[in-house]
1. Can you tell me the convex hull volume per residue for chain A, based on C-alpha atoms, in Å³ to the nearest whole number?
2. Mind checking which of A:LEU22, A:LEU186, A:LEU159 has the largest fluctuation in a GNM of chain A, springs on alpha carbons under 10 Å?
3. Dipole of chain A (Lys/Arg Cβ +1, Asp/Glu Cβ -1, origin at the Cα centre): which of A:MET114, A:GLN145, A:LEU64 lies farthest to the positive side?
4. Using a probe radius of 1.4 Å on heavy atoms only, what accessible surface per residue do you get for region B:95-198? Whole Å² is fine.
5. Sequence gap at least 6, Cα distance under 8 Å: using those rules, report the relative contact order of chain B to the nearest whole percent.
6. What are the nm distances, shortest first, from B:GLY148 to its equivalents in the other copies, labels at 7 Å along Cα→Cβ?
7. For region B:11-57, take the alpha-carbon Rg, divide it by the Kirkwood Rh, and send me Rg/Rh.
8. Using a Gaussian network model on chain A with a 10 Å cutoff between Cα atoms, which of A:VAL141, A:VAL166, A:VAL48 fluctuates the most?
There are 2 protein chains.
Amino acid sequence: MGAKGQQGRKPRADVQRNRAALLEAAQRHFLRVGVGASLEAVAKEAGVGPATLYRHFPTREALLAAVLQTRSEELVARQEDIALLGDASEALRQWLRALEEYFSAFSGLPEPLMAAVREREPDNPLTLPCDELIATTDEYVRAAQLAGHARPSVKGYDLYLAAVSVAWIKGSGATDEESLDRLRALIESGYREQDGEE
Amino acid sequence: MGAKGQQGRKPRADVQRNRAALLEAAQRHFLRVGVGASLEAVAKEAGVGPATLYRHFPTREALLAAVLQTRSEELVARQEDIALLGDASEALRQWLRALEEYFSAFSGLPEPLMAAVREREPDNPLTLPCDELIATTDEYVRAAQLAGHARPSVKGYDLYLAAVSVAWIKGSGATDEESLDRLRALIESGYREQDGEE
DNA sequence: GACTTGACCGGAGGCAGCCTCCGTTTTAAG
DNA sequence: CTTAAAACGGAGGCTGCCTCCGGTCAAGTC
């Protein structure tokens with residue numbers, strides 16, 4: 001994974017330092033004001049010029065994808081916890097909840113995520129991670145279907161969309177946690193096989 | 001309803017003309033590029049200066065609310081059709097579908113609608129119409145619950161949120177109609193009482 | 001330790017959109 | 001026709017996006 005040692009020249013020290021500073025500043029700004037944060041402000045807080053930011057991350061999506069990388073690893077860790085459950089139904093439920101939290105990391109995150117799925121061109125650095133999440137969701141759905149806990153008509157993509165939607169509503173700030181819980185319950189009773197196991 | 005004749009001065013002719021031109025231009029732009037359209041471009045197309053647009057509609061939301069007024073009347077008309085059904089379950093279903101279409105009028109419309117519900121201050125001209133739609137949805141839900149076609153735990157606001165969400169996903173353009181149909185089915189089987197009438 | 005070289009940096013600046021002041025024009029009324 | 005209030009619209013300040021391009025700095029060389 002780390003085998004990049006094929007260049008004659010060693011990577012410059014300031015490059016990595018700047019990149020790290022940019023990522024940190026970007027994360028702070030995204031947390032405070034959402035994914036629409038001013039990139040110039042991010043650069044200034046990182047102590048670099050605008051051009052340096054754009055050289056490291058050509059688009060807002062590229063910066064966002066790099067910042068999300070950290071959180072993405074948390075998701076993988078969650079998957080290992082979930083794998084210990086054994087119960088496919090509970091696993092699906094917890095995975096959907098983890099997805100929703102991931103999508104809620106920054107205000108306004110759902111928009112670029114949906115845009116990344118729309119544009120099938122791979123120039124969007126968010127497309128690949130999104131496709132992986134969709135595939136993973138589908139695996140959980142299939143497992144739950146095999147165990148008879150999910151309707152056969154449901155696809156992983158559907159529940160992925162549902163999770164993004166809930167995150168979008170949560171991020172819009174118009175709704176209290178109680179309403180969100182009712183919405184989650186509605187979705188759950190929508191995909192569950194209704195043989196009523198408990 | 002039209003009794004505004006209490007001013008000594010007749011309203012100026014150019015005011016109404018400009019207002020109409022602005023609304024028409026705004027609708028065209030909203031349809032073409034979404035609610036984020038450049039207001040300067042709208043003003044230019046309407047043949048007025050930027051200041052005139054802002055005098056008539058102090059905020060983007062005010063302009064949006066005025067443009068939506070027309071569509072809102074269509075929704076009222078739909079309600080009359082729906083009232084003829086008699087079947088509370090089918091009425092709720094059709095109302096939700098009408099809501100979703102209304103929310104899909106322009107790309108990006110769901111965002112300001114959610115923001116209008118968030119800010120409880122009445123300075124947002126979208127807040128009032130939204131609250132009315134939520135109340136109407138709740139009436140349909142209650143009727144369906146009385147007929148035993150909807151779970152008692154479901155609130156009108158929940159299904160309002162669900163309709164906005166579907167419209168948001170549709171507007172993001174990342175999804176084909178087939179996926180949207182599965183999503184709608186998921187929501188429906190989520191709020192329906194499961195005694196399986198058909 | 002000084003030199004070379006190429007990768008890297010960052011400020012300046014063009015562009016677009018938002019919004020507002022204020023001098024000018026239009027309009028209804030007398 | 002005169003008048004005065006109401007409305008108009010261009011100019012301009014502001015912010016953010018993104019890109020040149022001349023200067024700078026670090027890695028490798030002697």
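The values are calculated or read from the model by the stated rules, or taken from the named source; none is laboratory data. Bear in mind that the values here come from a model prediction, so they are computed numbers and not experimental data. In this analysis, Cβ positions are derived from the backbone assuming ideal geometry, glycine residues included, and neighbour counts consider all displayed protein chains. Ligands, DNA and RNA are excluded from the accessible area calculation, which covers all protein heavy atoms including side chains. Shrake-Rupley method; radii C 1.70, N 1.55, O 1.52, S 1.80 Å.
1. Per-residue hull volume (Cα only) is 143 Å³.
2. Per the Cα network of chain A with a 10 Å cutoff, A:LEU186 tops the list.
3. My answer, from the dipole projection, is A:LEU64.
4. With all protein chains present, region B:95-198 gives 42 Å² per residue.
5. 19
6. Here the equivalent label points are 2.7 nm apart from this one.
7. Value, to two decimals: 0.97.
8. Comparing A:VAL141, A:VAL166, A:VAL48 in a Gaussian network model of chain A, the most mobile one is A:VAL48.
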